[in-house]
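The values are calculated or read from the model by the stated rules, or taken from the named source; none is laboratory data. Being a predicted model, the structure only gives us computed values, none of them experimental. Cβ placement follows ideal geometry from the backbone for every residue including glycine, while neighbour counts extend to all protein chains displayed. SASA here: full protein model, heavy atoms, side chains in, ligands and nucleic acids out. Shrake-Rupley method; radii C 1.70, N 1.55, O 1.52, S 1.80 Å.
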Amino acid sequence: MADTITKNKVGFDIEKVRKEFPLLSREMNGKPLVFLDSAASSQKPQVLLDSIEHYYKHLHSNVHRGVYQLSQEATNAHEHGRKQIQQFINAASDKEIIFVRGTTEGINLVASSYGRKFLKEGDEVLVSAMEHHSNIVPWQLACEQAGAHLKVIPINDKGELLMDELDELLTERTKIVSLVHVSNALGTINPVKEVIAKAHAKGIPVLVDGAQAIPHMKIDVQELDADFYVFSGHKMFGPTGIGILYGKEKWLNEMPPYHGGGEMIKTVTFEKTTYNELPFKFEAGTPDIEGSIGIGVAAEYIQQIGQEAIAQYEHELLEYATAQLSQIEGIRFVGTADNKASVISFLIDGTHPYDVGTILDKLGIAVRTGHHCTQPLMDRFDIPGTVRASFAFYNNKEDIDRLVEGVKKAASMLR
Amino acid sequence: MTINEIQDEIIDDFSMFGDWMEKYEYIIDLGKTLPIIDEQYKDEDHLIKGCQSKVWLHADKQGNKVVFTADSDAIITKGIISLLVKVLSEQNPEAVKDADLYFIDKIGLKEHLSPTRSNGLVSMVKQMKLYGLALTQAQ
Ligand SMILES: Cc1ncc(COP(=O)(O)O)c(C=O)c1O
């Protein structure tokens, strides 16, 4: 098994790629860092750091406002980021790419704005049992405001959606479905295309939380036919503080603005304000310019490595890690879907995730422990939380070997 | 013994450990061996919910002293709890209220008492001091 992960089989040079991420050469508690928490936030390649420095050294000024050359150059760089993302996810137009702060803000924007316009008393919003809190709470707020109800698509013990139940849950009361593409806690890859087709057959739009999908696979929003697709820059090797809300033009045009302020207006008088066109209608205030440039650079970087090569390599890492960890006595995997991204959640009999995480940290291994902002999901499995290791394309087999060794050590100390 | 005398004793004990492993093995042992709370108090009323681990805390007044018992579902947290209980339990409430818990830093466990760690320990210490305050005022 170990030998299947070699340079030749993979479409890129892993050791070279690792060197492009300066932080990966750090030490932690006196040991070389093993970073297995990319699902929380990924590390940053040198090209991104360079682009941010270049922006502040050579281009910085406010966008869309100045008549002068420098502002024009900054605006061009900012709008170039939008175009790179349009191309990255194959959106029909760059008007459909809204810069937001991250997945959380993107979902809040839709829940608030779509909710105000389309949610009425007695209506329903459909989410799944494996949502991140950021795809639950905004909808609860919107439902509360409208007198609507939140409904939940259940899952099986492997952590897969019960598609049969979905048919029954999609009714004339359902006004929107909001579904995670890849579960951050379980790794499950949901059949979003199928869900979208079923919802559309009943005229219901679908928002996809793509926070965990975007770093791992090629996303084509037109092919999926998603009405909204949301993700964060920081989980796809880009900067923090920037994210993308993709929305079909027809929905975005119908939705009222979310935040008011500069940039999003056409004319303002004290009596009445008219709003700017897409995408600016949803972008009040000075944007995160280094972020819009950076997320574009990150998207290009991912494409240069190759999304198919990434998916294939990460799949091999996942299989290798699953096989190695399986040999540990008393391990229990949480999330065993047939179709999984490179996320492994587990528990060790007789130990608490916090304790395992603490020992791993002492060994220089960074993993996530706890409920992963998915408390209803943890309740579904009747567990307090898990230990979660998540892999990116810059992880290698040695990282996994260190993890396995670390978990064994932790188990022997704790049991 | 006073709170500070107990703290100094713990610091002394910990100075004998060669590396982090010995230290953690000791803490884990403390966590495993000490039954530190009566089962009846492991309920919602006594629960301090951290994001990462749960902590239960019970305070009793015996004479002019406050007696703490506590527990956690995570063993390292529980080991640290037993140190905190050793330091603060059976002291007079005013001393608990005013205690400066310097030993945590000195034995290299400060990270476990950081609010971002969210293991319930910070809230537990706060709660212990609140009991100290309440019982001081009750006197
Ligand atoms: C599935 C999922 N949705 C949403 C989020 C929230 O993303 P952000 O914190 O970048 O807004 C996360 C982040 O952990 C996530 O994993």
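With respect to A:Gln212, determine if the residue is modelled with pLDDT of 95 or more and open to solvent by 40 Å² or more (accessible area, probe 1.4 Å).
When the stated conditions are applied, A:Gln212 does not pass them.
Restricting attention to region A:329-379, which residues are within 16 Å of the ligand (Cβ to nearest atom) and of a type in the set (D, E, K, R)?
Across region A:329-379, the qualifying residues are A:Lys340, A:Arg368.
Could you grab me the full set of residues in region A:344-367 that are more than 27 Å from the chain's Cα centre (by Cα) and away from chain B (no Cβ under 13 Å)?
A:Asp349 - this is the single residue of region A:344-367 that is more than 27 Å from the chain's Cα centre (by Cα) and away from chain B (no Cβ under 13 Å).
Yes or no, residue by residue, for (1) in a helix (DSSP H, G or I); (2) among the charged types (D, E, K, R); (3) within 16 Å of the ligand (Cβ to nearest atom); (4) touching a helix residue (DSSP H, G or I) at 6+ places or on another chain (Cβ under 8 Å):
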| residue | (1), (2), (3), (4) |
| --- | --- |
| A:Tyr114 | yes, no, no, yes |
| A:Gln145 | yes, no, no, yes |
| A:Lys175 | no, yes, no, yes |
| A:Lys198 | yes, yes, no, yes |
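For region A:400-415, how many residues meet the condition of being within 12 Å of chain B (Cβ to nearest Cβ), open to solvent by 50 Å² or more (accessible area, probe 1.4 Å) and not small (Gly, Ala, Ser)?
Matching residues across region A:400-415 total 2.
If a residue has to be more than 17 Å from A:Leu109 (Cβ to Cβ), open to solvent by 40 Å² or more (accessible area, probe 1.4 Å) and touching a residue at least 40 places away in the same chain (Cβ under 8 Å) to count, how many in region A:278-310 make the cut?
Counting residues in region A:278-310 that are more than 17 Å from A:Leu109 (Cβ to Cβ), open to solvent by 40 Å² or more (accessible area, probe 1.4 Å) and touching a residue at least 40 places away in the same chain (Cβ under 8 Å) gives 5.
Which residue pairs have Cβ atoms under 7 Å apart, sit 6 or more places apart or on different chains, and have a first residue in region A:93-111 that is touching a residue at least 12 places away in the same chain (Cβ under 8 Å) and away from chain B (no Cβ under 14 Å) and a second that is away from the ligand (no atom under 16 Å from the Cβ) and of a type in the set (A, V, I, L, M)?
Sorted first by the residue in region A:93-111, then by its partner, the pairs are A:Lys95/A:Leu278; A:Glu96/A:Leu252; A:Ile97/A:Ala91; A:Ala111/A:Ala142.
Within the set of pairs 6+ apart or on separate chains, which have a first residue in region A:243-271 that is within 22 Å of A:Ile293 (Cα to Cα), a second that is basic (Lys, Arg) and surrounded by 12 or more Cβ atoms within 10 Å (Cβ to Cβ), and C-beta atoms under 6 Å apart?
A:Gly243/A:Arg101; A:Met264/A:Lys281
Quick check, is B:Ala70 of a type in the set (Gly, Ala, Ser) and away from every other protein chain (no Cβ under 14 Å)?
Spelling it out, B:Ala70 is indeed of a type in the set (Gly, Ala, Ser) and away from every other protein chain (no Cβ under 14 Å).
With the requirement that a residue be among the acidic types (Asp, Glu) and within 13 Å of B:Gly108 (Cα to Cα), what does region B:1-32 give you?
Across region B:1-32, the qualifying residues are B:Asp12, B:Asp13, B:Asp19, B:Glu22.
Consider A:Thr104 carefully, then state whether it is assigned to a helix (DSSP H, G or I) and more than 18 Å from the chain's Cα centre (by Cα).
Here the answer is no, as A:Thr104 does not meet what is asked.
I want to confirm something. Restricting to region A:69-112 and keeping residues that are open to solvent by less than 20 Å² (accessible area, probe 1.4 Å) and among the hydroxyl-bearing types (Ser, Thr, Tyr), which single residue is farthest from the ligand (Cβ to nearest atom)?
Once the filter is applied, the top-ranked residue is A:Ser71.
Only one of A:Ile265, A:Ile242, A:Ile204 is open to solvent by 30 Å² or more (accessible area, probe 1.4 Å), touching a strand residue (DSSP E or B) at 6+ places or on another chain (Cβ under 8 Å) and more than 27 Å from A:Gln312 (Cα to Cα); which?
The conditions single out A:Ile265.
Just name the residue that is nearest to the other protein chains (Cβ to nearest Cβ) out of those in region B:49-67 that are hydrophobic (A, V, I, L, M, F, W, C) and free of Cβ contacts under 8 Å to residues at least 60 places away in the same chain.
The extreme case among them is B:Trp56.
If I ask for residues that are in a helix (DSSP H, G or I), open to solvent by 40 Å² or more (accessible area, probe 1.4 Å) and either more than 14 Å from chain A (Cβ to nearest Cβ) or within 15 Å of B:Gly63 (Cα to Cα) (or both), which ones from region B:84-121 would you list?
B:Lys86, B:Glu94, B:Lys97, B:Asp98, B:Asp105, B:Lys106, B:Pro115, listed by residue number.
Inside region A:227-249, can you point out the residues that are hydroxyl-bearing (Ser, Thr, Tyr), within 11 Å of the ligand (Cβ to nearest atom) and not in a loop (DSSP other than H, G, I, E, B)?
A:Ser232 - this is the single residue of region A:227-249 that is hydroxyl-bearing (Ser, Thr, Tyr), within 11 Å of the ligand (Cβ to nearest atom) and not in a loop (DSSP other than H, G, I, E, B).
Name the single residue, out of those in region A:380-399 being on the phi < 0 side of the Ramachandran plot and within 14 Å of chain B (Cβ to nearest Cβ), that is most open to solvent (accessible area, probe 1.4 Å).
Residue satisfying both the conditions and the ranking: A:Pro384.
Give the residues of region A:311-349 that are among the polar types (S, T, N, Q) and open to solvent by 10 Å² or more (accessible area, probe 1.4 Å), sorted by residue number.
A:Gln312, A:Thr322, A:Gln324, A:Ser326, A:Gln327, A:Thr336, A:Asn339
Name the residues in region B:6-31 that are over 24 Å from A:Tyr354 (Cα atoms) and open to solvent by 50 Å² or more (accessible area, probe 1.4 Å), would you?
B:Asp8, B:Glu9, B:Asp12, B:Asp13, B:Ser15, B:Met16 - these are the residues of region B:6-31 that are over 24 Å from A:Tyr354 (Cα atoms) and open to solvent by 50 Å² or more (accessible area, probe 1.4 Å).
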